[in-house]
1. Quickly rank 100-109, 23-32, 293-302 as a protection proxy: mean count of other C-beta atoms within 10 Å, highest first.
2. Amide H of GLU148 versus every other amide H placed in the peptide plane: which residues, excluding those fewer than 5 positions away on the same chain, fall under 5 Å?
3. From the alpha carbon gyration tensor of region 4-332, can you work out the equivalent ellipsoid semi-axes (sqrt of 5 times each eigenvalue) and give them in Å, largest to smallest?
4. Full extension from SER316 to SER208: what is 0.36 nm times the residue separation minus their Cα-Cα distance, to one decimal in nm?
5. Amide H to amide H under 5 Å from GLY333: which residues, 5+ apart in sequence or cross-chain, H placed 1.01 Å off N in plane?
6. So how far apart, in nm, are the two label points at ARG170 and LYS103 if each is 7 Å from Cα heading toward Cβ?
7. Can you pick out the pairs among LYS127/LYS384; LYS46/LYS85; LYS66/LYS328 whose Cα atoms lie more than 27 Å from each other?
8. From the phi angles alone, apply the Karplus equation (6.51, -1.76, 1.60; θ = phi - 60°) to region 130-137 and give each ³J(HN,Hα) in whole Hz, x where the residue is Gly or Pro.
Amino acid sequence: MEKLSSVNLKPALLQPLSLLLPTEEQTWLLQACLWPGERGALAWIKWSERIADPAGFLRQDRDGVKGLLPLLFDSLQKKSVFIDKEFHTYLRTAYLRDELRSKAYSRIGRDVTSIFSSTEIPAVLLKGAALAETAYENPALQHAHYLEILIKNSDADSAVGLLPALGFARLGNTLSTERQAVELVHESGLPLILHRRLFRVPFYDISSADIWARTRIQTVSGTSIRLLSPADNLMHVCGSVFDAGSHESLRWVCDAWFLLHRYPDLDWEVFWSHASRGPMALPLFVTVDYLARELHAPIPADVLGRLYAAASKSESIGREIALFGVQKNARGGLMKILRSGGGWSTRAWVMKWAFFPSPGYLRAVDEIRCYWLVPFYYPYRPMKFIVRQIFFFCRRQIRLYSRNTRQQGTGADHAVPSPLLRRTE
């Protein structure tokens with residue numbers, strides 16, 4: 001799979017940013033799920049030939065690939081692709097389970113939006129919950145784990161107060177997290193996140209007034225639900241990949257794909273307006289370029305060209321915050337960024353960012369309100385990194401010691417370890 005190395009952006013960013021994109025094997029799997037006809041069938045053959053045990057691989061749920069099971073089953077059924085009986089049963093079971101789950105998921109979502117509507121609290125259904133009902137052919141094909149809703153900051157306390165009556169309980173969050181979102185969980189186990197803004201990173205904030213002005217009310221299953229405009233939805237789905245603290249999976253690719261095909265008349269000027277303001281240019285170009293290049297998504301060439309130009313002109317703080325998104329993602333991390341390639345100049349640039357970022361970056365990411373506190377963060381950052389590394393090292397050693405102690409107690413140290421144990425270790 002062609003990486004971002006073909007893009008003439010800043011060299012130090014090319015490989016690190018590609019860590020958040022699907023791998024070659026994951027791209028084949030996505031193509032098998034999304035592409036119709038022979039193209040999709042060929043993608044499935046390429047993926048299944050590379051993966052010796054498809055069911056075992058999917059059960060591991062790396063990067064959320066298990067969430068693609070309903071979509072994969074539906075797609076292979078339509079293509080009449082031959083799969084063995086055992087794997088067919090596995091996929092069908094996953095599909096039926098998600099079909100039941102999506103009905104309960106949808107019902108809870110309607111209950112929440114209805115109670116907000118009845119009390120005149122504006123609320124926007126976001127991401128999977130919104131797209132499952134409006135962009136996908138069948139809601140069961142969108143395997144979302146969270147119910148996400150955007151509310152206005154002034155309505156947060158009132159909104160939270162209504163939810164216990166629906167079976168929700170508030171999770172214990174820190175004060176800094178509460179400023180961005182409030183997390184609750186339903187008695188069924190479904191998490192609900194009430195967002196006060198679209199992105200957790202303040203640097204990516206855009207005019208909430210403009211976003212709310214473009215929302216639309218749509219009737220879904222007999223219930224009136226407020227949704228983002230298609231262009232804002234696409235911006236949110238693609239931009240969230242680099243939003244620190246977002247839930248990592250491959251579902252953003254499927255959400256964007258179905259959104260683009262459901263709304264062929266999408267207002268690209270609105271989408272472009274987000275990128276042209278600067279902060280979102282780099283993450284939007286990286287994700288949209290992947291969709292166009294690897295999945296042949298219907299994205300106008302002039303949009304890609306303008307995104308490329310805007311991304312190339314990203315200021316230093318924009319590049320730093322894009323790396324921050326990679327660092328905080330489960331697919332990334334500082335050590336993976338350093339090992340991602342690009343030579344010593346790249347590593348030096350990344351280390352400079354990690355230990356001595358710009359003051360603007362510190363104010364944007366850590367939300368430092370008092371400028372005089374910024375200098376104190378520079379010695380704090382390397383100390384925090386060293387302490388974290390020591391903590392993780394000690395935790396690994398304790399786990400290893402505990403495992404060896406258990407093996408010695410049961411005489412397992414004299415046994416020949418099984419191939420499964422060797423692979424796990």
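Bear in mind these aren't lab numbers, they're just calculated from the coordinates by the rules spelled out. Worth saying up front: this structure is predicted, and the values here are computed from it rather than measured. Quick reminder, even Gly has a Cβ in these numbers, built from the backbone with ideal geometry, and neighbours come from all protein chains shown.
1. On the way: 100-109: 17.7, 23-32: 20.6, 293-302: 15.0.
Descending packing order for the listed peptides: 23-32, 100-109, 293-302.
2. Residues meeting the amide H criterion: LEU126, ALA129, ILE193.
3. On the way: eigenvalues 174, 145, 66 Å².
Value: 30, 27, 18 Å, ordered largest first.
4. Values: separation 108, 0.36 × 108 = 38.88 nm, distance 2.48 nm.
Contour length minus the Cα-Cα distance gives 36.4 nm.
5. GLN327, LYS328
6. Using points 7 Å along Cα→Cβ, the separation is 3.4 nm.
7. On the way: LYS127/LYS384 34 Å; LYS46/LYS85 20 Å; LYS66/LYS328 22 Å.
Distance filter (> 27 Å) returns LYS127/LYS384.
8. Karplus-based 3J(HN,Hα) across region 130-137 equals 6, 6, 4, 8, 10, 10, 7, 5 Hz.
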